[in-house]
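Presented below is the structure to which this report refers.
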Amino acid sequence: MRRNGFTLIELIVSMAILLVIVTVTFGVISRYYTVRTFYEQQTELQKNLVFAMDRLADDFKQASYNEDVIIKKPSENNAMIDATEGNSLTFYGSNKEEISYYLKQNVNGTYSIYRKVNTAAAQPITEDMHQLVRLYFIRYGGEITVTIVGEISYFGKTNQISFTSLVYSRNSPQATNP
């Protein structure tokens, strides 16, 4: 007499195969979301950095000199500054106003790049980002090299990404040779 159904061994083998398939599928989906999160972080960071760089470059290209000086700070040639709130890039804008750019940590632990014109309140030009960690300005005559550094965490590792651009003032009377 033949019975319909599965033997205990067949049931255990099929459950083991199902468990392997579910484990592999979960691993692939988990990896996909981790990689997707990394690329979303990287895209958001790059978008903010490009906007900040464009804003700074536009201001700097329109800069005009005041008493034969465009760049007020750093005042010396071949100088590099880590642009935290008390240590900013300051130059004279098109209407001879002082424009300053610096990195500021917000109350929630995130960072933003701020722009300040004269004595008016500083305004953020980037979103609050926990990935943004450093802002550097290097002066060489009437040229400024801007480097913005961000950190992205994925797969349990932290990697730094930098975005560097050379901006210059077309109105600068300052020599580019040291």
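Points to keep in mind about this one:
- Qualifying residue in the range 108-115 (condition: modelled with pLDDT of 85 or more and part of a loop (DSSP other than H, G, I, E, B)): yes
- Filter result for Ser94 (out of contact with any helix residue (DSSP H, G or I) (no Cβ under 7 Å at 6 or more places or on another chain) and within 18 Å of Leu135 (Cα to Cα)): no
- Residues within the range 1-59 that are of a type in the set (Lys, Arg) and either under 30 Å from Tyr136 (Cβ atoms) or in contact with a helix residue (DSSP H, G or I) (Cβ under 8 Å, 6 or more places away or on another chain) (or both), tallied: 2
- Residues within the range 131-165 that are over 9 Å from the mean Cα position of the chain (by Cα), crowded, with 16+ Cβ neighbours inside 10 Å and not in a strand (DSSP E or B), tallied: 2
- In the range 1-39, the qualifying residues are those that are loosely packed, with under 10 Cβ neighbours inside 10 Å and at pLDDT below 85, and the one that is nearest to the chain's Cα centre (by Cα) is Gly5.
- Sole residue being surrounded by 11 or more Cβ atoms within 10 Å (Cβ to Cβ), in contact (Cβ under 8 Å) with a residue 40 or more places away in the chain, over 30 Å from Asn159 (Cα atoms) and touching a helix residue (DSSP H, G or I) at 6+ places or on another chain (Cβ under 6 Å), chosen from Ile71, Ile99: Ile99
- Counting only residues that are farther than 17 Å from Asp54 by Cβ and in contact with an Asp or Glu (Cβ under 8 Å, 6 or more places away or on another chain), the range 106-115 holds 4 of them.
The values are calculated or read from the model by the stated rules, or taken from the named source; none is laboratory data. These numbers come from a predicted model, not from an experiment. Note that we place each Cβ from the backbone using ideal geometry, even for glycine, and neighbour counts take in every protein chain shown.
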